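First up is the structure itself, then whatever we jot down about it.
The values are calculated or read from the model by the stated rules, or taken from the named source; none is laboratory data. Computed from a prediction, not measured in an experiment: that's the story for all the values here. Methodologically, a virtual Cβ is constructed for each residue, glycine included, from the backbone with ideal geometry; neighbour enumeration extends over all protein chains shown.
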Amino acid sequence: MNKPHDIVILGAGLTGLTLAHKLKDSGKSVLLLEKEEKPGGVIDTHREDGFIYELGPNTGVVKYDEVAELFDELKEYCKPYIPDESVKKRYIWKNDRWEKLPSGLKEGIKTPLFSWKDKFRILGEPFRKPGKNPKETLDNMVRRRMGESFLNYAVDPFILGVYAGDPSMIVPKYALPKLYYLEQDYGSFIGGAIKKKFEKKDEMEKKATKDVFSIQGGLKNLIMALYKSTGKSKFLFNVKGLQVKPEANHFQLEFHHQDKNVKIQANRVVSTAGAYEIPAIFPFLNDEEINDISNLQYAKVVQAAVGFKNWEAPYPEGFGGLVPHIENRDILGALFMSSFLPERAPDGGQLFSIFMGGIRREEMYEKSDQELTGILEKEMKQMFGLNQFHPDLLKFNRYQYAIPQYGKESGKRFETITNIENQYKGLVIAGNLKGGIGMADRIKQASDIAKTLKTQL
Ligand SMILES: Cc1cc2nc3c(=O)[nH]c(=O)nc-3n(C[C@H](O)[C@H](O)[C@H](O)COP(=O)(O)OP(=O)(O)OC[C@H]3O[C@@H](n4cnc5c(N)ncnc54)[C@H](O)[C@@H]3O)c2cc1C
């Protein structure tokens with residue numbers, strides 16, 4: 001058997017690719033094993049008939065300096081696209097029309113989204129005591145600090161947009177730690193946000209912004225940039241039935257590849273696979289450990305790319321609109337892709353990304369294309385003033401394991417993962433089962449792991 005690889009990374013999604021790219025100059029032998037035939041994981045850009053559309057994630061946020069740093073490192077391979085201020089225009093569906101989400105005090109006072117009672121109540125938010133229960137769910141936290149109408153028409157649609165989730169399942173300490181610690185450290189969301197704005201930032205912190213990003217030509221170009229910069233020879237695709245076993249000083253990995261059973265050894269193994277893959281990959285974990293990790297629930301999501309070459313109805317400008325659960329409609333939200341990204345639709349046309357399903361509407365995942373088309377026709381006619389529904393582009397993608405829901409059990413999951421990593425030195429269990437669910441979180445996690453591995457080997 002050949003010499004063990006220094007590091008084997010499981011999965012070539014954004015996390016695995018970023019990690020491999022970060023390790024490329026470390027002088028260590030790195031191998032990336034991927035079960036599909038191409039890199040990218042859920043990132044899925046297509047080009048067709050004048051449209052560039054995404055069937056996975058659409059945009060990210062430059063939330064950490066690691067994101068800006070990665071774009072800088074990849075500048076010879078791909079270019080990020082940061083849309084102009086118009087993306088700050090976001091809409092919420094209420095009483096059969098889109099209402100603009102307020103972005104300042106004046107708009108906040110006038111908006112019909114929130115009740116007058118809650119508008120007055122919010123004045124007292126900085127003076128309310130912080131919560132004491134670290135496992136408090138988001139709905140309770142928002143009711144306690146801000147009121148029911150803020151929960152229904154601001155926080156619920158936000159959670160639909162990010163998690164396809166339900167605020168009564170999401171625990172802020174794990175899912176929205178920045179928000180949780182605003183309350184814990186500063187005593188209030190409003191007061192904390194204001195104080196943080198005036199805190200001194202170093203050069204690295206200044207790079208972390210709230211800017212929305214995409215990549216010129218689509219997110220696939222980020223994937224290809226990472227793939228090329230890492231070096232194609234470091235990847236093995238179509239790896240099936242992968243199992244990892246700890247041995248005395250290293251790990252043994254067994255899998256099928258091109259009709260052969262392959263065995264390799266590694267000093268370090270980093271998994272970036274979803275929680276639902278963990279039992280098969282690590283058969284040596286005990287039942288309790290497996291349960292603590294694989295009980296993580298994922299929202300099922302259907303994404304539709306809907307394009308029109310000649311758009312004749314009024315077009316709401318801005319980033320997109322979200323549909324609160326309380327409104328009882330059949331879509332979660334729509335991104336107005338061609339409104340804020342160039343070249344996404346032919347001139348005079350429009351492209352929408354529409355999400356359906358989520359944790360409270362899982363039945364959408366089971367619907368046929370024909371049924372989904374009927375739903376889109378009904379919703380788009382009403383929401384966007386269409387007389388007829390004849391899109392020139394209509395594509396669906398169904399995700400059984402789209403977005404992990406960081407609920408009450410998350411603390412136990414994180415603890416179990418740490419215990420496993422302490423017990424089996426050299427094993428890292430990463431991916432979106434911890435460390436955040438957005439693309440920026442994935443880039444940050446991979447960058448942090450790379451830094452640690454470089455110091456260890
Ligand atoms: C529909 C959808 C919309 C989203 N929208 C947004 C958005 O707008 N903004 C945002 O920031 N984030 C969004 N996200 C989240 C974001 O896309 C993900 O957090 C990120 O892309 C996940 O990257 P990853 O590498 O951690 O996981 P993945 O992309 O899931 O990659 C994991 C890889 O591991 C491989 N793998 C799994 N098991 C094995 C195995 N046994 N052997 C070998 N390989 C294996 C998989 O095939 C896959 O390639 C969205 C996600 C989905 C699904």
ask   = Tally time: how many residues in region 409-449 are closer than 23 Å to GLN265 by Cα and within 9 Å of the ligand (Cβ to nearest atom)?
value = 3
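So, of the residues in region 291-309 that are of a type in the set (A, V, I, L, M, F, W, C) and more than 30 Å from ARG344 (Cβ to Cβ), which turns out to be surrounded by the fewest Cβ atoms within 10 Å (Cβ to Cβ)?
LEU296
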inquiry  = Of the conditions (1) more than 26 Å from GLY27 (Cα to Cα); (2) over 26 Å from the mean Cα position of the chain (by Cα), ALA334 satisfies every one except a single condition; which number is it?
reply    = (2)
message = Condition first: surrounded by fewer than 21 Cβ atoms within 10 Å (Cβ to Cβ), in contact (Cβ under 8 Å) with a residue 40 or more places away in the chain and farther than 23 Å from GLU343 by Cβ. Now tell me which residues in region 69-94 satisfy that.
response = GLU69, GLU73, LYS94
query = In region 232-274, what count of residues is obtained for those that are within 9 Å of the ligand (Cβ to nearest atom) and buried (at least 19 other Cβ atoms within 10 Å of the Cβ)?
reply = 7
task = Within region 95-114, track down each residue that is touching a helix residue (DSSP H, G or I) at 6+ places or on another chain (Cβ under 6 Å) and in contact (Cβ under 8 Å) with a residue 24 or more places away in the chain.
result = LEU113, PHE114
task = Enumerate the helices (runs of 4 or more DSSP H) found wholly within region 91-148, keeping only those where 1 or more residues are closer than 23 Å to PRO177 by Cβ and at pLDDT 95 or above.
result = 138-145
inquiry  = Condition (residue is modelled with pLDDT under 95, within 14 Å of the ligand (Cβ to nearest atom) and within 23 Å of LEU14 (Cβ to Cβ)) applied to region 199-211: is it met by at least one residue?
reply    = yes
task = Provide a single number: the residues in region 323-370 that are at positive phi and touching a Lys or Arg at 6+ places or on another chain (Cβ under 8 Å).
result = 3
ask   = Going through region 155-199 one residue at a time, which ones are surrounded by fewer than 18 Cβ atoms within 10 Å (Cβ to Cβ) and either in contact with a Cys (Cβ under 7 Å, 6 or more places away or on another chain) or charged (D, E, K, R) (or both)?
value = LYS178, ASP185, LYS195, LYS196, LYS197, GLU199
Candidates ARG90, ARG47 - the one that is within 30 Å of LEU332 (Cα to Cα), more than 12 Å from the ligand (Cβ to nearest atom) and in contact with a Phe, Trp or Tyr (Cβ under 6 Å, 6 or more places away or on another chain) = ARG90
Residues of region 413-457 that turn out to be within 23 Å of GLN252 (Cα to Cα), crowded, with 16+ Cβ neighbours inside 10 Å and touching a strand residue (DSSP E or B) at 6+ places or on another chain (Cβ under 7 Å), as a count = 11
task = Give region 386-401 a look and list any residue that's charged (D, E, K, R) and either more than 16 Å from the ligand (Cβ to nearest atom) or on the phi > 0 side of the Ramachandran plot (or both), or say none.
result = ASP392
Flag if GLU327 is touching a residue at least 40 places away in the same chain (Cβ under 8 Å) and surrounded by fewer than 17 Cβ atoms within 10 Å (Cβ to Cβ) = yes
request  = Please indicate, with yes or no, whether at least one residue in region 341-354 is under 27 Å from LEU138 (Cβ atoms) and at pLDDT 95 or above.
outcome  = yes
task = Return yes or no: is ASN95 farther than 16 Å from SER271 by Cβ and near the ligand (Cβ under 9 Å from one of its atoms)?
result = no
ask   = Does region 59-70 include one or more residues that are over 30 Å from HIS256 (Cα atoms) and assigned to a strand (DSSP E or B)?
value = yes
ask   = Would you say MET383 is surrounded by 14 or more Cβ atoms within 10 Å (Cβ to Cβ), in a helix (DSSP H, G or I) and more than 16 Å from the ligand (Cβ to nearest atom)?
value = yes
The one condition in (1) within 15 Å of the ligand (Cβ to nearest atom); (2) in contact with a strand residue (DSSP E or B) (Cβ under 9 Å, 6 or more places away or on another chain); (3) more than 22 Å from LEU105 (Cβ to Cβ) that GLY217 fails to fulfil = (1)
note = Counted residues in region 1-44 being more than 7 Å from the ligand (Cβ to nearest atom), assigned to a loop (DSSP other than H, G, I, E, B) and acidic (Asp, Glu) come to 3
query = Of the numbered conditions (1) crowded, with 19+ Cβ neighbours inside 10 Å; (2) not in a helix (DSSP H, G or I), GLU277 satisfies every one except a single condition; which is it?
reply = (2)
ask   = When you go through (1) touching a strand residue (DSSP E or B) at 6+ places or on another chain (Cβ under 6 Å); (2) surrounded by fewer than 17 Cβ atoms within 10 Å (Cβ to Cβ) one by one for ASP202, which number turns out not to apply?
value = (1)
